[in-house]
Amino acid sequence: QVQLVESGGGLVQAGESLRLSCAASGRIFSIGAMGWYRQAPGKQRELVATITTTADTNYAESVKGRFTISRDNAKNTVYLQMNSLKPEDTAVYYCNALNVNKLYWGQGTQVTVSS
């Protein structure tokens, strides 16, 4: 079993920045693509950003130009740098990862952006 643990969430004011981290551990053979999703209360979980092992990235239109996803393959860790945060970015952020073609999810970390 692979475990994913997110960190870095918190409460910030609009316009400020946060960096989220997600480290994978456990029975890892080779972590493949990793990503970040978010879910606000009463809403569907939505894609924020994904990154492949070769650093190809994909972003939701709402975060392009503000968020940057990156990874450290040696540490099995994915990051999400969030700049120019807006109140509408408020959500629980979840990371996920593929390992031997099986998808794993973290428990989530709360990001709250105040006006």
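The values are calculated or read from the model by the stated rules, or taken from the named source; none is laboratory data. All of these numbers come straight from a predicted model, not from anything done at the bench. Ideal geometry is used to build each Cβ from the backbone, glycine not excepted, and the neighbour counts take in all protein chains shown. Remember, those area values only see protein heavy atoms, side chains included, never the ligands or the DNA or RNA. Shrake-Rupley method; radii C 1.70, N 1.55, O 1.52, S 1.80 Å.
Can you work out the PRE-style zone for Val5? Point 7 Å along Cα to Cβ, and I want the residues of segment 84-115 with backbone N under 19 Å. The answer is 93-98, 104-111, whose backbone nitrogens lie closer than 19 Å to the label point. In straight-distance terms, cross-link reach from Lys75 covers every one of the lysines whose alpha-carbon lies under 25 Å from its own, apart from those fewer than eight places away in the same chain; here that gives Lys102.
Roughly to the nearest percent, how much of the accessible area of the chain is carbon and sulfur, given a 1.4 Å probe?
Carbon with sulfur: 48 percent of the solvent-accessible area.
Counting only C-alpha contacts under 8 Å and six or more residues apart, can you give the relative contact order of the chain as a whole percent?
On the way: 284 pairs, mean separation 42.4, N = 115.
About 37 percent, as a whole number.
One decimal place: the segment Ser17-Leu103 gains 28.1 nm when fully extended, by the rule 0.36 nm per residue minus the C-alpha distance. Ordering Phe67, Tyr94, Gln81 by the projection of their Cα atoms onto the charge dipole of the chain, which places +1 on the Cβ of Lys and Arg and -1 on the Cβ of Asp and Glu, puts Tyr94 at the extreme positive end.
What does the extension gain come out to for Ala60 and Ala74, with contour length at 0.36 nm per residue minus their alpha carbon separation?
Working: separation 14, 0.36 × 14 = 5.04 nm, distance 2.63 nm.
Extra length available between Ala60 and Ala74 comes to 2.4 nm.
For segment 32-44, putting each phi into the Karplus relation 6.51 cos²θ - 1.76 cosθ + 1.60 with θ = phi - 60° gives couplings of x, 5, 10, x, 10, 10, 9, 9, 8, x, x, 10, 6 Hz, in residue order, rounded to whole numbers and with x for Gly and Pro. Projecting label points 7 angstrom from Cα along Cα→Cβ for Phe29 and Ser115 puts them 5.1 nm apart. Protein heavy-atom accessible surface, 1.4 Å probe, per residue over segment 21-108: 54 Å².
The HN-Hα couplings worked out from phi for segment 60-68 by the Karplus form 6.51 cos²θ - 1.76 cosθ + 1.60 (θ = phi - 60°) are 5, 4, 5, 10, 4, x, 10, 10, 9 Hz, whole numbers, x standing for Gly and Pro.
Accessible area per residue was computed with a 1.4 Å probe on protein heavy atoms; Thr57 scores about 70 Å².
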